[in-house]
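Nothing in this text is a laboratory measurement; each read-out follows from the coordinates by a stated rule. If you're wondering where the values come from, they're calculated on a predicted model, not measured in any experiment. All Cβ positions, even for glycine, are placed from backbone atoms using ideal geometry, and neighbour counts span all protein chains on display.
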Amino acid sequence: MATVIDGKAVAQSIRSEIAAEVRVLSEKYGKVPGLAVIIVGSKKDSQSYVGMKRKACAELGIKSFDHDLPEQVSEADLIKEVHQLNLNPDVHGILVQLPLPKHINEEKVLTEISLEKDVDGFHPLNIGKLAMKGRDPLFLPCTPKACLELLSRSGVSIKGKKAVVVGRSNIVGLPASLLLLKADATVTIVHSHTSQPESIIREADIVIAAAGQPMMIKGSWIKPGAAVIDVGTNAIDDPTKKSGYKLVGDVDFEEVSKVAGWITPVPGGVGPMTVTMLLKNTLDGAKRYIEKNN
Ligand code: NDP
């Protein structure tokens with residue numbers, strides 16, 4: 001049976017480390033990290049993610065700057081808000097909650113965030129540096145960073161291993177594969193046009209699943225002893241639950257946990273780590289800024 005990686009516990013221990021560093025900054029410089037979160041409109045799941053991020057900031061002593069803008073805000077006004085936050089010395093990280101309404105060009109807005117405050121790591125220059133040998137981005141995207149942190153804190157070595165990433169989105173699959181490559185894995189990416197994904201996945205020592213396809217990856221697709229990180233978060237009907245649904249990953253947990261060496265559960269795996277990596281990025285941004293300006 002696989003070792004189940006407890007994302008909640010790992011996240012909690014990293015949060016304690018962050019809180020300790022925030023206290024040191026506060027005692028040494030009288031300053032704390034600041035995270036600005038911009039949310040446009042009232043989309044329910046975006047509101048709940050943002051609420052979670054703000055609560056986590058409060059728990060760790062990180063100051064949060066709330067910017068709730070109406071659904072019909074213009075692209076120009078949103079960019080103006082970003083520019084003001086770029087100039088605010090108390091803000092060390094800026095996050096624009098995605099998706100944005102259709103009338104706003106997401107890429108244009110994300111590109112306006114100062115590189116030094118791009119705590120989501122989505123600025124094309126940060127992603128570009130991630131893809132280049134010998135260059136390091138200022139920030140790594142939170143979910144892929146969470147996946148690698150879970151592997152390293154579980155004692156899974158990456159160097160020289162065969163890794164397969166399922167999915168190639170800009171926010172998860174692609175940066176996860178670039179991070180694995182930087183960590184010296186041999187990386188293959190599986191996407192919706194890949195034929196016979198199971199034969200490719202079966203070769204992998206490390207699998208990162210981020211396709212958004214409920215329980216797609218079966219036990220017979222996994223090499224015995226492989227490390228399986230399940231990013232997928234899919235709601236499926238469950239009449240036994242009060243809500244009428246439950247969350248499952250892209251991995252068939254019951255089958256795969258009998259074959260793999262390590263596995264992350266859904267929920268309780270990558271999810272709690274993603275917000276924690278955002279807080280870590282904010283701390284790192286603050287440390288860079290405060291140390292440079294004191
Ligand atoms: P996207 O829909 O943007 O991307 C999905 C990717 O998976 C695409 O590259 C797509 O291929 C590929 N794909 C889809 N179907 C298949 C298939 N049958 N076989 C192989 N590849 C497939 O999703 P995201 O990357 O944003 O998210 C992926 C999952 O991770 C979702 O379930 C999401 O909820 C979850 N998530 C969880 C987070 C967390 O913190 N736990 C954070 C972010 C996301 P193609 O490019 O060809 O279309």
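Here are a few things to note about the model shown:
- For the chain, a simple Cβ point-charge model (Lys and Arg +1, Asp and Glu -1, everything else neutral) yields a dipole of about 560 debye relative to the Cα centre.
- Listed by chain and number, the lysines whose alpha-carbon sits under 17 Å from that of Lys108, ignoring those within fewer than 8 places in the same chain, are Lys80, Lys117.
- Look at the alpha carbon pairs under 8 Å that are at least 6 residues apart: their mean separation over the length of the chain gives a relative contact order of 22 percent.
- Counting only residues at least eight positions apart within a chain, or on another chain, the aspartates and glutamates with an alpha carbon under 18 Å from that of Lys31 are Glu17, Glu21, Glu59, Asp90, Glu116, Asp284, Glu291.
- Ratio of the Cα radius of gyration of the chain to 2.2 N^0.38 Å, where N counts its residues: 1.02
- Three-way shape label, the range 27-70, alpha-carbon gyration tensor, a/c 1.5: oblate
- Cut-off 16 Å (backbone N to label point 7 Å along Cα→Cβ of Leu98), residues of the range 131-167: 131, 139-146, 167
- Counting charges near Glu203 (Lys, Arg +1; Asp, Glu -1) among other residues having Cβ under 9 Å from its Cβ returns a value of +2.
- Label zone at Asn294, where the point sits 7 Å out along the Cα-to-Cβ direction: the range 87-125 residues whose backbone N lies under 15 Å: 90-92
- Listed residues Cys147, Asn88, Gly244: farthest to the positive end of the dipole of the chain (Cβ charges): Cys147
- Bins of 10 Å from zero: percent of alpha-carbon pairs in the range 187-294: 14, 36, 26, 15, 8, 2
- Mean residue ellipticity (222 nm) of the chain, computed from DSSP H runs ≥ 4 via -39,500 (n - 2.57), nearest 500: -13000 deg cm²/dmol
- Simple spin-label estimate for Ala19 and Asp238 in nanometres, 7 Å along Cα-Cβ: 2.9
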